[in-house]
1. Starting from the Cα gyration tensor of region 1-85, take the square roots of the eigenvalues, sort them a ≥ b ≥ c, and report rounded, prolate or oblate (rounded when a/c is under 1.5, otherwise prolate if a/b is larger than b/c, else oblate).
2. Cα centroids of region 145-166 and region 4-76: how far apart, whole angstrom?
3. Distance from a point 7 Å along Cα→Cβ of L258 to each backbone N in region 6-44: keep the residues under 18 Å and list them by number.
4. Sort region 54-95 into rounded, prolate or oblate with this rule: let a ≥ b ≥ c be the square roots of the eigenvalues of the Cα gyration tensor; rounded if a/c is under 1.5, and if a/c is not under 1.5, prolate when a/b is larger than b/c, oblate otherwise.
5. For the chain, what is the accessible area per residue in Å² when the probe is 1.4 Å?
6. Go through region 156-173 residue by residue and turn each phi into a ³J(HN,Hα) via Karplus (6.51, -1.76, 1.60, θ = phi - 60°); whole Hz please, and just put x for glycine and proline.
7. Could you give the nm distance between label points at N352 and T6, where each point is 7 Å from its Cα heading toward the beta carbon?
8. Once amide H atoms are placed 1.01 Å from N in the peptide plane, what residues at a sequence separation of 5 or more from S340, or on another chain, have their amide H within under 5 Å of its amide H?
Amino acid sequence: MTERKTRTKLVHDGIRRSQYGELAEAMFLTQGFAYPSAEAAEQRFLNASDDEFIYARYGNPTTRMFEDRMASIEGTEDAFACASGMAAINGALTCLVKAGDHIVAARQMFGSCLHVLKVLQGFGVDVTLVDGTDLEAWRAAMRPETKVCFFESVSNPGLEVMDVAGIVKIAHEGGATVVVDNVFASPIFSRAVELGADVIVYSATKHIDGGGRVLGGVVLGSKEYIRGPLETYVKHTGGAMSPFHAWVLLSGLQTLDLRVRAQAANAAAVASAVAGHEKLARTVYPGLMDHPQHALAMEQMGSGGTMLALDLKGGKEAAFRFLNALQIVSISNNLGDAKSIATHPATTTHKNLSEEEREAIAITPGLIRISMGIEDGGDLIADIKGALDAA
């Protein structure tokens, strides 16, 4: 059979059917598994196959379906599902380092990711933060003890696009593992594996669910890494995904390509419609020609993605007036949902950063992050323009 296309993989890959031949993915809502004999239990703990399970914290048939489907569409050898996106980030990084090791990371990233790096520093891991868009800064930060280079392929919330291939080259020359948080790119626009990244991390809570229903995360990479240090760390520290959440996420995957492409089309339409508005200091969208990394975004993703940012001239007061005037777009801190969502990062997702830290990554008091949904594009443009007028 020829290689299946992404939409086909999203519906069919990884499926495991019971003796009943169910069409939909089955939910195995169990924390444990029974063995036919004591000898079988001993053998399974010694060397379980892909279709043998021990305990839900170690693995589950429903969870394994989700992992296999994700690995298939991302193009990696294996995947491990985690309880949340942050559990995935924590596991992906922590299993690779020990006291005395060094991580180089982009300073432009989600506040909780920065917090994980601070926790690792408390355990004796040295961390250097660099401007993720500056390849020379990455090169200058590398040391003999550098074990990991970590960044978001598109930064949250500033939508700066990192040169994945360029960072990979620098990291691999120094013997470091490249860990990419790929949430804003989504699996649909991802080329991180093709560009040489070693480990890909998603918050499945975002585009993969797409309905704002459950938490989840997934780490993807080589079988040696996933079933070695990563699985060992996550299963013993309790960050594994529940089978119910895996079952919900399998459903979300079936429409992922359709939703993400519709969201990206809406983001491009809204960005174009409001660019240059008198109330805006900046309209930030990688799909716009004036974005500093527009060419890189098109090369790496083939799209501007589903996210945009609006920087209102009037600061926090204008931003709040804008948010409170929205009629269709919801105020929330999630993203990747079928519903459009607006967030004020300075007072929510990045509020724990100092003013200087926010300034360093262009989070101004007037910045609004918008995750575009699948509503009618004309309705969204009217809603956002109306809110800008109110601001």
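The values are calculated or read from the model by the stated rules, or taken from the named source; none is laboratory data. The structure displayed is predicted, hence computed values, not measured ones. Cβ sites come from the backbone with ideal geometry, for glycine too, and all protein chains shown count toward neighbours. To get the accessible areas, we keep the full protein, side chains included, count just its heavy atoms, and leave off ligands, DNA and RNA. Shrake-Rupley method; radii C 1.70, N 1.55, O 1.52, S 1.80 Å.
1. Prolate, because a/c is 1.5 or more and a/b exceeds b/c.
2. Between the Cα centres of region 145-166 and region 4-76 lies a distance of 32 Å.
3. Those under the cut-off are 6-13, 24-25.
4. Note, shape of region 54-95 comes out oblate.
5. 42
6. Karplus-based 3J(HN,Hα) across region 156-173 equals 10, x, x, 6, 7, 9, 8, 7, 4, 4, x, 5, 4, 4, 5, 5, 5, 4 Hz.
7. Here the modelled spin labels are 3.3 nm apart.
8. So S340 has HN proximity to S330, G373, I374, E375.
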